[in-house]
C-alpha cells in the first residue's frame, strides 16, 4: 500500500458535487472516522477523500498534507468563543464558559481526542496545538473579560486579572478529561468555579 492509498478503514462513497461548508463538514467527519478506525499513522489524504465521497483534489486545494487537515478538523470541533455571550454576573459567566468547554470535550469527537492524545508520534502534538489555539487563547480572553467586568463591580480583586488565573479553569477541565477520560460531571464544573476560581479572585 502506497503512502497515499486509502487505509483499510476507508468506506468509499461515490463522489458528490457538494461545495462550501457542506463539503468541508463531510471532509472533517471523514477525518474523525478515519482517526477512530485506523488511527493517525494509517490515515491518508486518499482515505479521507474516499470516506468523504469526494476527490482528493478537493483536499489538496485547501490542505497541503494530512497534518494541516487534522488540525483544522480538530479546531472546527472545539468550542467557538462566540457561542458563549456574557451571562450577567461573574459566577454565571465562569460556569457558562467552563460548561461550554466541557461539552465540547465530551462531544462525539471526544473519543478521537483521547485516541490521538494516547497515540505515540505527532498525534498528541496536533491535539495540543488545536486545544491551545482554539480553547486556551480565545477562552483566556473571555475569562479575562469576565473577571474585568467583575472587578468593575467590586466582585474581583484587580490584581488577579492575569493570564495565569484566566487559564486555571480550562486547564483543570482539560487535565481531568485527558487523565481520567470522558464523563466530567456538572458537580465538578461547579466545584471548579465555587471552590477554586471564585476563591482565587474575590477581593
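The values are calculated or read from the model by the stated rules, or taken from the named source; none is laboratory data. For clarity, every value in this text was computed on a predicted model and none was experimentally measured. So basically every Cβ, Gly included, is an ideal-geometry build from the backbone, and we count neighbours across all protein chains shown.
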Of the residues that make up segment 10-21, is at least one under 18 Å from residue 115 (Cα atoms), surrounded by 16 or more Cβ atoms within 10 Å (Cβ to Cβ) and at pLDDT below 85?
yes
Within segment 107-157, can you find the residues that are within 23 Å of residue 33 (Cα to Cα) and not in a helix (DSSP H, G or I)?
107, 108, 109, 119, 120, 121
Considering 160, 201, which residue is farther than 16 Å from residue 99 by Cβ and at pLDDT 95 or above?
201
Answer yes or no as to whether residue 71 is crowded, with 17+ Cβ neighbours inside 10 Å, assigned to a helix (DSSP H, G or I) and either in contact (Cβ under 8 Å) with a residue 40 or more places away in the chain or in the same structural domain as residue 193 (by TED's automatic domain parsing) (or both).
yes
